[in-house]
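Each remark here refers to the structure printed beneath this line.
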Amino acid sequence: MRITQATLQELQAQGIEAKIYPHATYDEWYKECWKDRYDYAYNYSKDSVIFTCGKLRKYTHEELDLHARQFADTAAKRKANNWYDSTVLYIVYEGRIIRKKENVKGKGITTEYVLRLIEKDRKAYQGTYGKFAEQMQSLLASSGFGNFGVIYPTTYGIGVWAFFNFNFDKCQEAVNKLLNAKGIKYRNEWSEREYVFRYVISKEKSNIDKINN
């Protein structure tokens, strides 16, 4: 996907943030990108050999570290900012996060498109299950799940983002532990394209009471 700086500024003026990462701040996202590029460069070269002083030898840790740092310094910024390589759009408004998988390469993201997504999201949360979603949000917040990056409240219960989530198993374990500790009834299912692992929580009164307690 791609988005112009002008569109980002238009959205910001309306209190809306569009971004390509689930983190609370850009600095957190950049640090992740830097580490990813460092690890890639380090691991890529660790088994390589160089010819020096008439002999073949492997790189030392110090040489690998320097090489990986230099690569990360130049490559992390591109990874953190390159919208053309992005596949998930995150929209933050009024304390909520919308995640939208974009399958069309190079798709242009406009202000109007973002506003339509927000309007659709608002209608969903003002409907029958809006209060339930708020209860899910309170449950997660009180259990220390932060800014709802890859684990987030929904109108059906809790969603765990699976696409390119390298901590997916740990996320599952955390949600399982939370719900089972409270005795909350739920069932699991995958979203249509298996980007999200769903915890569909029963809305019967006894279950709601457990959630509120």
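Here are a few things to note about the model shown:
- Qualifying residues in region 1-44 (those that are β-branched (Val, Ile, Thr) and within 20 Å of Glu102 (Cα to Cα)) - the one surrounded by the most Cβ atoms within 10 Å (Cβ to Cβ): Ile3
- Selection within region 50-77 - surrounded by 12 or more Cβ atoms within 10 Å (Cβ to Cβ) and among the basic types (Lys, Arg): Lys58, Arg69, Lys77
- Qualifying positions in region 168-205 - part of a loop (DSSP other than H, G, I, E, B) and surrounded by 13 or more Cβ atoms within 10 Å (Cβ to Cβ): Ile184, Lys185, Ser191, Tyr195, Ser202, Lys203
- Lone unmet requirement of (1) under 30 Å from Arg193 (Cβ atoms); (2) out of contact with any helix residue (DSSP H, G or I) (no Cβ under 9 Å at 6 or more places or on another chain); (3) modelled with pLDDT of 90 or more for Ala76: (2)
- Selection status of Asp47, exposed (fewer than 14 other Cβ atoms within 10 Å of the Cβ) and modelled with pLDDT under 85: yes
- Hits in region 65-91 (condition: over 16 Å from Trp34 (Cβ atoms) and of a type in the set (A, V, I, L, M, F, W, C)): Trp83, Val88, Leu89, Ile91
Residue by residue, here is whether (1) acidic (Asp, Glu); (2) free of Cβ contacts under 8 Å to residues at least 12 places away in the same chain; (3) farther than 30 Å from Val104 by Cα holds:
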residue: Tyr42; (1), (2), (3): no, no, yes
residue: Ser48; (1), (2), (3): no, yes, yes
residue: Leu56; (1), (2), (3): no, yes, yes
residue: His61; (1), (2), (3): no, yes, yes
residue: Asn82; (1), (2), (3): no, yes, no
residue: Leu89; (1), (2), (3): no, no, no
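- Subset of region 146-167 (residues that are touching a residue at least 24 places away in the same chain (Cβ under 8 Å) and part of a strand (DSSP E or B)): Ile151, Tyr152, Gly157, Ile158, Gly159, Val160, Trp161
The values are calculated or read from the model by the stated rules, or taken from the named source; none is laboratory data. Just so it is clear, the structure is predicted and the values come from calculations on it, not from any experiment. Reconstructed Cβ throughout: ideal geometry from the backbone, glycine too, with neighbour counts over all protein chains shown.
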